[in-house]
Amino acid sequence: MSLAGSTIQAYRQRKIESLAKMSNMSQDDVTTGLRTVQQGLEALKEEHSSISNTLGTSIKGVKDDEAPLPKEKLSQINDNLEKLFAGIDETTLMLSVFELNQSLEAQHQKYQAQRRRLCQENAWLRDELSSTQTRLQQSEQTVAQLEEENKHLKYMASIKPFDDGQTNETKVSADAGPQPVSSETLQELGFGPEDEEDLNSTQFTSQPTPAHSMAASANVGYEIPARLRTLHNLVIQYASQGRYEVAVPLCKQALEDLEKTSGHDHPDVATMLNILALVYRDQNKYKEAANLLNEALTIREKCLGESHPAVAATLNNLAVLFGKRGKFKDAEPLCKRALEIREKVLGEDHPDVAKQLNNLALLCQNQGKYEEVEKYYKRALEIYESKLGPDDPNVAKTKNNLSSAYLKQGKYKEAEELYKQILTRAHEREFGQISGDNKPIWQIAEEREENKHKGETNTTSAEQAGWAKAAKVDSPTVTTTLKNLGALYRRQGKYEAAETLEDVALRAKKQHEPIRSGAIGGVDEMSQSMIGSRMTTSTSQSGLKNKLMSALGLNRVE
């Protein structure tokens, strides 16, 4: 093989090795290599320019035959200089192309991420649609079932006058002494939480916690920062709808982001732990919920102090959790400690203290400590009446709770008196002072009971007007009171009075249900307002899309 052939072969071998090395290089390595080559070429260009200038100066004015060698070298240097300029331009162009390629690759990755997010959002929206259709079918089945029940009740009412022996038998039962009150006939009034979880509203139901209740439960005593508000509200929104497969991952993502940026021992972390615990509790995952609440309690005690209202809220939520599991003895000391904190921080006559007293009373009631139950309810009632006034909804709710305690002790007279106070006050507030022509519904019911024994069974126009007035009162407390007092009348054998109140309660429920169920997809207006402005039918999906993109895009902590 000739020398030239071996040289070419060696060059090809080095070229192949160079290409193999380049194929294994990363993008950063290629960029660094190109910049190094560019710098080397720049250095060679400077060196050649300097030599060219020196030679040009030295042979200036000299004849060609006197200095042939320097002029030949100058020509070679100028040729190399031109090649260096071309190499520098090519290197600069390659760097520009490579940077443009990197930019295009980054843009491609961004579009891919957006496509994945849109696919995930589309899947969620399909799930939402499927869930809404399922709920619609269930509602239609429920309506059909209620219509059948209504027909049956009308039939039973038509044959009731022929049931002669029922009244006497029931009177004997009523005179036999105190008896347990069935939860099927006298249901305790759910005491709606306004700042945190309340035992009355959670103990006897496995339905998802309403959005406003869950938000208040997690946030009381500590304001959610703006950086977390959107994702926080989105978690609560889905949890209140029972969409746990969406709420749990979002909440866990928020916790992960918070712990990375703020550390584990931070009040924001405790707040998200509270929310996740409430979601787990609604799924009946009590052990996981208890662990999270204890962890949140530790963080809040460490960061905010042992006497902070947020600590009292976490203690109360733990007590509610134990109450749902029937561990009333374990829940009571937690509730008492929360009460002590509220009394210390807020004062003994603060409305939040009254709410804590209501929870403590119910825990004692489930343990049969009726003396303490009456003391706590009466004290809560005094606080509400003195601080919020006799017309505040909490006054009627607490009276209803106290009536429930009286019923379980067989103190029917005391319970009846409280029920009548609630109905009378509601009537006066809506329709003015009581008079002969403006009677509360319980008076009309008792008059109908008396007229029945006198043989007067026709309904007068005044009674019909009283029914219509009572049914117009849009208050869940009043509706519950009507049912409870009706059940008490029935226990006493006052069937005509009982049916009167039960009929008004049914009318009130039918009259006000459409108003309360007007939200989209089973979400009430309070829940919708928590994630922004209220959504109309035409904009609900776009609103949900904006919230999802805000959360996934990511409403993360900066």
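One table, with the values for the structure above:
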item: Sites Lys454 and Leu153 - FRET efficiency at Förster radius 22 Å, r taken between beta-carbons, to 0.05; result: 0.25
item: Vicinal HN-Hα couplings computed from phi for region 244-252 (Karplus, 6.51 cos²θ - 1.76 cosθ + 1.60; Hz; Gly/Pro x); result: 5, 5, 9, 5, 5, x, 4, 5, 5
item: Heavy-atom surface of region 241-281, accessible at 1.4 Å and reported per residue (Å²); result: 31
item: Label zone at Thr36 (point 7 Å along Cα-to-Cβ), backbone N below 11 Å, region 82-118; result: none
item: Cα centroid separation - region 344-405 against region 254-294, whole Å; result: 30
item: Phi-based couplings in Hz for region 374-389 (Karplus 6.51, -1.76, 1.60; Gly and Pro marked x); result: 4, 4, 5, 5, 5, 5, 4, 5, 4, 5, 4, 5, 7, 9, 10, x
item: Probe 1.4 Å, protein heavy atoms only - accessible area per residue of region 308-370 in square angstrom; result: 33
item: Computed over region 280-411: relative contact order in percent, which uses C-alpha pairs under 8 Å that are six or more apart; result: 16
item: Highest average packing first - 333-340, 35-42, 110-117, Cβ atoms within 10 Å; result: 333-340, 35-42, 110-117
item: 1.4 Å probe accessible area per residue over region 383-443, in Å²; result: 44
item: Glu382-Lys285 FRET efficiency (beta carbon distance; Förster radius 41 Å; 0.05 resolution); result: 0.60
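The values are calculated or read from the model by the stated rules, or taken from the named source; none is laboratory data. Just so we're clear, the structure is a prediction, and the values are computed from it rather than from any experiment. Quick reminder, even Gly has a Cβ in these numbers, built from the backbone with ideal geometry, and neighbours come from all protein chains shown. Heavy atoms of the whole protein, side chains included, go into the accessibility calculation; ligands, DNA and RNA do not. Shrake-Rupley method; radii C 1.70, N 1.55, O 1.52, S 1.80 Å.
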